[in-house]
Amino acid sequence: MNPALVLALGRALMALAFIGPGASHFLASAKQRNYTGAAVGAVEVATGLALAFGWQVRWLALAAAAFLLVDAFVAHNFWVATPQELRNQVLHFFKNLALAGGFVLLAASAAAR
């Protein structure tokens, strides 16, 4: 297997974690005239596209990991969730931690190249 091709595929798949939700945030926020939310969505999409195309991978991967860690503890703090929200918040909390770990690995692989 070609290592460069495998890394490009991995980058593209991980970038989807920002492109999809970012587009959703952007569109929903723009409809409500929530310009801060729309700006955050636009930054998420831009970050995902830059990662997918291999631009500044090391720094963007570290920034993505930091964003996901903050988001996990701020937006998905399951320890204060209601019983109805608990399962969903636990799922998103650990998903963000796992993605952050993947982005740290991506940053390390970019630094080693």
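Laboratory data are not the source of any read-out in this text; all were calculated from the coordinates shown. All values reported here derive from a predicted model rather than from experimental measurement. Cβ sites come from the backbone with ideal geometry, for glycine too, and all protein chains shown count toward neighbours.
Descriptive notes on the structure:
- Counting Lys and Arg as +1 and Asp and Glu as -1 over every other residue whose Cβ lies under 13 Å from the Cβ of K95, the net charge comes to 0.
- One compactness figure for the chain is 1.15, namely its Cα radius of gyration divided by 2.2 N^0.38 Å.
- Most to least packed among 71-84, 37-50 [average Cβ atoms within 10 Å]: 37-50, 71-84
- Protection-proxy order for peptides 1-8, 58-65, each taking the mean of Cβ atoms within 10 Å per residue, highest first: 58-65, 1-8
- Relative to the current alpha-carbon distance between A28 and K95, full extension at 0.36 nm per residue lengthens the span by 21.9 nm.
- With the helix formula -39500 (n - 2.57) applied to DSSP H stretches of n ≥ 4, the chain reaches a computed 222 nm mean residue ellipticity of -30000 deg cm²/dmol.
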